[in-house]
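A short write-up of the structure that comes next.
Just so you know, all these numbers are worked out from the coordinates, no wet-lab data involved. Computed from a predicted model, the values in this text were never measured in an experiment. Here Cβ is always computed from backbone atoms with ideal geometry, including for glycine, and neighbour counts include all displayed protein chains.
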Amino acid sequence: MEKKDLTAADVWAMFAESDRKIAEGHRILDEKLAESSAETRRIIQENERILNEKFEALGIKVNDLKSNVIGISDSNGEFAEEYFYTSLKKKMEFAGVHFDDIDKDIKLLRKLPNGERLKDQFDIVMINDDAVALVEIKYTARKGYPTIMVNQKVPNFRILFPDYASYKIYLGLGALSISEETADEAKKLGIGLLRQVGETVEYETKWVKAY
């Protein structure tokens with residue numbers, strides 16, 4: 001069979017056919033993905049419908065249930081914060097250091113020189129002439145949060161409150177429930193623990209260090 005020389009027109013025709021096949025492949029793939037997504041959405045919606053029907057049969061609405069759960073969580077957090085704040089306010093002392101002022105639920109948003117905005121919240125803040133105590137409160141303290149306090153809360157406080165940037169910072173974690181893993185993590189990082197023991201607050205601060 002005689003070999004045929006390809007002309008420019010033949011080459012362009014080959015490219016066009018290749019592009020057409022690629023486009024057709026993409027079209028088929030998109031259709032399959034769309035069908036899959038639509039089926040996934042249908043299954044989720046069907047499951048939500050069945051769940052709603054079961055709850056409504058019991059006189060419960062799912063949205064109301066979600067709201068109640070969120071409300072209970074918020075209330076628990078507020079109770080824990082007020083509980084430990086009251087104790088600290090009576091003592092005005094943390095980790096053997098006396099403090100002159102105490103406040104709670106401190107929030108601040110500051111625009112940084114690079115244009116970004118930094119926002120953070122501090123549950124309880126105690127201040128004297130050269131030191132600050134940042135005491136974070138959780139209803140249940142979980143593993144990993146002590147590390148967040150060191151890596152996030154300390155630098156954020158210094159940036160948001162530059163007047164106290166050179167102050168020593170002591171850290172405390174108060175919670176109605178603290179796992180042993182969390183307690184060990186806090187101890188290694190020099191963070192004091194505040195626990196509820198009966199009707200009193202137990203302070204564990206002998207390993208607290210200044211940041």
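In segment 68-204 the Cα-Cα distances spread across 5 Å bins starting at 0 as 2, 10, 20, 22, 21, 15, 7, 3, 1, 0 percent of all pairs.
The stretch between GLU78 and ASN114, if pulled fully straight at 0.36 nm per residue, gains 9.5 nm over its current Cα-Cα span.
Beyond 29 Å between alpha-carbons counts as too far, so tell me which of LYS91/LYS111; LYS104/LYS209; LYS111/LYS187; LYS111/LYS143; LYS90/LYS111; LYS90/LYS187 fall in that bin. Too far apart for the 29 Å limit: LYS91/LYS111; LYS111/LYS187; LYS111/LYS143; LYS90/LYS111.
With a simple spin-label model that places each label point 7 Å from the Cα along the Cα-to-Cβ direction, the separation between SER87 and LYS188 comes to 2.5 nm.
A Förster radius of 22 Å, combined with the Cβ-Cβ distance separating ASP129 from ASP103, puts the computed FRET efficiency at roughly 0.85. If the segment from THR140 to VAL154 were pulled out straight at 0.36 nm per residue, it would be longer than the present Cα-Cα gap by 2.9 nm. When each of the peptides 112-124, 143-155 is scored by the mean number of other C-beta atoms lying within 10 Å of its residues, the order from highest to lowest reads 143-155, 112-124.
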